[in-house]
1. With just the Cα atoms defining each centre, how far is segment 15-49 from segment 384-398? Give it in Å.
2. Around G73, under 9 Å between beta carbons, what's the net of Lys plus Arg minus Asp minus Glu among the other residues?
3. Need one value: the accessible area of K52 in square angstrom, 1.4 angstrom probe, rounded to the nearest 10.
4. Can you tell me the orientation of helix 190-202 relative to the chain, as the angle in degrees between its alpha-carbon axis and the longest Cα principal axis, to the nearest 10?
5. Could you work out how far the C-alpha centroid of segment 230-252 sits from that of segment 86-114, in angstrom?
6. Taking the Cα centre of segment 74-342 as the origin, how large is its charge dipole in debye, to the nearest 20, when only Lys and Arg (+1) and Asp and Glu (-1) carry charge on their Cβ atoms?
7. Return the carbon/sulfur percentage of the accessible area of the chain, one whole number, probe 1.4 Å, all protein chains in place.
8. For Y253, what accessible area in Å² do you get when you roll a 1.4 Å probe over the heavy atoms of the protein chains, rounding to the nearest 10?
Amino acid sequence: MRAEQQVPEKDFFLPPEGSVIIRGGRVIDPANGVDEVCDLALSGGRVAGRGKALPWCGASKVIDAEGLIVTPGIVDIHSHLFATPGNPNAWAGEYSVFPDGFSFRSGVTTMVDAGSAGWRNFDLFRVSVIDRAKTRVFSFLNIASFGMVSDIIEQHAPDFDPKTTAAKAEKHRDVIVGIKSAHYWHPGWESVDRAVEAGELSGLPVMVDFGYFMKERPYWRLVSEKLRKGDISTHCYRGPVPVVDGNGKVFPYLFEARERGVLFDLGHGGGSFLFRNAVPAFAQGFYPDSISSDLHVQSMNAAMMDMPTTMSKCLAMGMPLGEVIARSSAVPARMIGHPELGHLSPGAPGDVTLWNLREGTFGFKDSVGGRLRSDRRLECEMTILGGEVVWDLNARDGTEFGEIPFGEGIREGEFFIPPER
Ligand SMILES: [Zn+2]
């Protein structure tokens, strides 16, 4: 055998002319089992490959990532993006945020709206938000026809129409990734059952925010009987979710539901994440499948803040960094049926996040004001979408200002010298 055949293939990788090279970072790409210091090359908006000390003479850009962590762009599968000034106190209204105003600064390249719109107003959501955003945006479609225009809309069972909902999902299959049931406060299962029916008809997963917890429809039945393999229970560490018994032991029904294929989403939000539930669950191996924000105007200005903060909480509770990244990228991407996202395989979209893992004295709050202290915090240093730098905290992609030619930033004939006095 000739010598070069023993060298791993990646060491022979030559970045194409004009590549963007991210140099010397700790690349964590859980889907490919990668956690090593190396260079990553992007070309034509996609991942080209990685290797140690890649030649960068033909590169269009070299980004120094020494001391940083380099991961796939973050996929947040629970957010509220149907921003309109029309509806007060509503997730399809003034509680929602426009995606680009919040995504890139927090390392997020893909956002999924969790059912802010239903079949009657989805077209408006699509043209006014989804199609205009630079962020990759997908959506769950609410089983309530007007989505989250108000809580009342989500209570009106005669309005839940699985057939029309499934047809709308089919028509927008490029962006609709599932069906949502949320905020239901009646004792029956109408909201969940109709959502699952729409899921059956459309072949899509269902995400359930269980709303108001009632003895007539206990949570354990949701995950043990109602949800199917691939369906998602969001807000899994919410206060009324029975996570641990009186002795602090995680209830077996949760592990059994997971065994059945039901998925659990963190969905922090304004009122849906308690350390009291999450800390013992983490200690006993009951991690969320996906880490998500439930981003809206209220949660972002309260304990949730953003994905880096929510991910840092998981780190603080003992989840290894590689797991934190996996459950914020590759795993949620698969949960929404988009396995092309959330990893750094050659050919994948060039969505990359660079992180500073800061060390110091930090504290994190939960939804009831509970504090957890930690000595580490993830901070988004740079976000790259399709090979383009879209967030750059410390101007790593900048040029020393004195090296920029005088004419830059001035249109022809626009610069007038003041008269001498
Ligand atoms: Zn939500």
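The values are calculated or read from the model by the stated rules, or taken from the named source; none is laboratory data. These numbers were taken from a predicted model, which means no experiment stands behind them. Cβ placement follows ideal geometry from the backbone for every residue including glycine, while neighbour counts extend to all protein chains displayed. Note: accessible area is taken over every heavy atom of the protein model, side chains too, but ligands, DNA and RNA are not part of it. Shrake-Rupley method; radii C 1.70, N 1.55, O 1.52, S 1.80 Å.
1. 15 Å
2. So the surrounding residues net to 0.
3. Here the residue's solvent-accessible area equals roughly 110 Å².
4. Once rounded, the angle reads 50 degrees.
5. 27 Å
6. 300 debye
7. Working: 9840 of 18560 Å².
Taking all protein chains in place, the chain shows 53 percent carbon and sulfur surface.
8. Around 30 Å² of this residue is reachable by solvent.
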